[in-house]
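Enquirer: Here it is, the structure in full.
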Amino acid sequence: MDVKTLIRAIPDFPIPGILFRDITPLLKDKDGFRAAIDLFVDRFKGKGIDYVVAIEARGYMLGAPLAYAIGAGFVPVRKPGKLPGTKLTEDYALEYGTNSLEIHDDAVGNGHRVLIVDDLLATGGTANATRRLLERLGAKIEGYAFLIELADLKGRQHLGEHEITSFLTY
């Protein structure tokens, strides 16, 4: 199955000039969704990942089933004000503004092997902020995994020496 055929392009969303890659048609297609998750599972099964750390919100849709399939824990990284308890916060820039991400301060321990998952790599801001949060907790970053990469935005240049996997490139 060619999952790329199930990605919809939405011009001028969320602001004029942005071409948004919408994965909701993929998610609603049972065969397409299974094929997309299988891409991740085939790549990361047996790699000793302790936690799949996924970025709100579309990253959860890929990260949670991946964590289940490879026998890892699932850790959400959220936008501000969504997590109860004590947490760490990291600011970042994105292609059309700024934001912050948060993680529980006990989400992972020192030396835990983590995989950072999101639906899309654009400028690398959210993934890089997530990496910084995890490094503050002492995690060992095993790599990044994205369904989609927008190559022209050169986000991978901001993610350091960690392994980067993206399955679809635009």
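Enquirer: Compute the Cα gyration tensor for region 1-93, then decide on rounded, prolate or oblate, letting a ≥ b ≥ c be the square roots of its eigenvalues: rounded whenever a/c is under 1.5, prolate when a/b is larger than b/c in the other cases, and oblate in all that remain. Don't skip to the end; give the middle numbers.
Expert: Details: a/c = 2.44, a/b = 1.05, b/c = 2.31.
Cα axes put region 1-93 in the oblate bin.
Enquirer: Over region 65-143, what lengths in whole Å, largest first, do the semi-axes of the equivalent ellipsoid take, defined as the square roots of 5 times the eigenvalues of the alpha-carbon gyration tensor?
Expert: Details: eigenvalues 77, 49, 29 Å².
Taking √(5λ) for each Cα gyration eigenvalue gives 20, 16, 12 Å.
Enquirer: Ok, one more. As a test of the definition: which semi-axes, in Å, follow for region 102-170 when you take the square root of five times each eigenvalue of its alpha carbon gyration tensor? Largest first, please. Mind dumping the intermediate values first?
Expert: Numbers: eigenvalues 100, 23, 20 Å².
Result for region 102-170: semi-axes of 22, 11, 10 Å.
Enquirer: Determine, for MET1, MET61, the number of other Cβ atoms within 10 Å of each Cβ, and report the residues in order from fewest to most. List each step's numbers first, then the result.
Expert: Values: MET1 13, MET61 20.
Listed from fewest to most nearby Cβ atoms, that is MET1, MET61.
Enquirer: Another question, if that's okay. Please compute the modelled spin-label separation between ARG113 and LYS30, points set 7 Å along Cα→Cβ, answer in nm with one decimal.
Expert: Output for this residue pair reads 3.5 nm.
Enquirer: Name the residues of region 124-138 whose amide N is less than 14 Å from a point 7 angstrom out from the Cα of ASP105 along the C-beta direction?
Expert: Zone members listed by number: 136-138.
Enquirer: With only alpha-carbon pairs counted, each pair once and no self-pairs, how large is the Kirkwood hydrodynamic radius of the chain in angstroms? It would help to have the intermediate numbers written out before the result.
Expert: Details: mean 1/r = 0.0620 Å⁻¹.
The Cα-based Kirkwood calculation yields 16.1 Å.
Enquirer: If you rank PHE146, PHE33 by fewest surrounding Cβ atoms within 10 Å, what's the result? Kindly include the intermediate steps, with their values, before the conclusion.
Expert: On the way: PHE146 26, PHE33 19.
In increasing order of surrounding Cβ atoms, one gets PHE33, PHE146.
Enquirer: Continuing with this model, one more query. Could you state the number of Å between the C-alpha centres of region 42-68 and region 150-170?
Expert: Using only Cα atoms, the two centres lie 17 Å from each other.
Enquirer: FRET efficiency for ALA151 and THR86, Cβ-Cβ distance as r, R0 = 45 Å, nearest 0.05? Walk me through the numbers on the way to the answer.
Expert: Values: r = 38 Å, r/R0 = 0.85.
That gives a FRET efficiency of 0.75.
Enquirer: Can I ask one more? Using a simple spin-label model with points 7 Å from Cα along the Cα→Cβ vector, what separation in nm is obtained for PHE167 and GLU56?
Expert: 2.5 nm
Enquirer: In debye, nearest 20: dipole of region 47-169 around its Cα centre with unit charges on the Cβ of K, R (+) and D, E (-)? Each step should come with its number before you reach the end.
Expert: Details: 13 positive and 16 negative charges, 31 e Å.
Rounded to the nearest 20 debye, it is 140 debye.
Enquirer: Sort ARG113, ARG8 by Cβ crowding within 10 Å, fewest neighbours at the top. List each step's numbers first, then the result.
Expert: Values: ARG113 16, ARG8 12.
Ranked by crowding around the Cβ, least crowded first: ARG8, ARG113.
The numbers here are math on the coordinates, done by the rules we state, and not lab data. Not measured: the values here are computed from a predicted model. With ideal geometry, Cβ positions are generated from the backbone for all residues, glycine too; neighbour counts draw on all protein chains shown.
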